[in-house]
């Protein structure tokens, strides 16, 4: 009976060890591979608006995943705190092209209802490079602040 229990225990340990090894090999086939996903974030507020900050009480966040292989950006924008009489009328990502830190609209948000969840079509490599270099910002506009109520510079996390 003792030999039977010992053999059963050894068999169980061997099976567990093989299954853990298989899981590790499957998940980490090449531990030196760099993930093509880059996490991007921004905190939106009126103080960050350029060239002039605003007094908007609203705040928000941008969280994105940029796949540098497919060049697709998936992102979520959330916001809160806009007064009832000053709700968002536009929102998008701008590419910085001016010395004062501003630039044209490049990626419009598909909606203005928080949370805004979207995925782009494949971006041009130049856009990916600019985004990774920190030349994009998220911006939400309102009637009171038509040039932008809250803004957040997008950075790698």
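The values are calculated or read from the model by the stated rules, or taken from the named source; none is laboratory data. Computed from a prediction, not measured in an experiment: that's the story for all the values here. Counting neighbours? That spans all protein chains shown, and the Cβs are built from the backbone with ideal geometry, glycine included.
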As an exercise: evaluate residue 124 against (1) at positive phi; (2) exposed (fewer than 13 other Cβ atoms within 10 Å of the Cβ) and give the number of the one condition it does not meet.
(1)
Counted residues in region 120-131 being farther than 16 Å from residue 94 by Cα and in contact with a strand residue (DSSP E or B) (Cβ under 7 Å, 6 or more places away or on another chain) come to 1
Output the qualifying pairs, or none if there are none: Cβ atoms under 7 angstrom, residues six or more apart or on different chains, first residue in region 31-57 and at negative phi and surrounded by 12 or more Cβ atoms within 10 Å (Cβ to Cβ), second residue assigned to a helix (DSSP H, G or I) and modelled with pLDDT under 95.
none
Counting just the residues of region 75-127 that are more than 17 Å from the chain's Cα centre (by Cα) and not in a loop (DSSP other than H, G, I, E, B), which one comes out farthest from residue 55 (Cα to Cα)?
125
Could you say which residue among 99, 90, 118, 84 is within 26 Å of residue 132 (Cβ to Cβ) and free of Cβ contacts under 8 Å to residues at least 12 places away in the same chain?
99
Could you list, in sequence order, the residues of region 128-157 that are at negative phi, part of a loop (DSSP other than H, G, I, E, B) and modelled with pLDDT of 95 or more?
133, 135, 142, 143, 144, 145, 146, 147, 149, 154
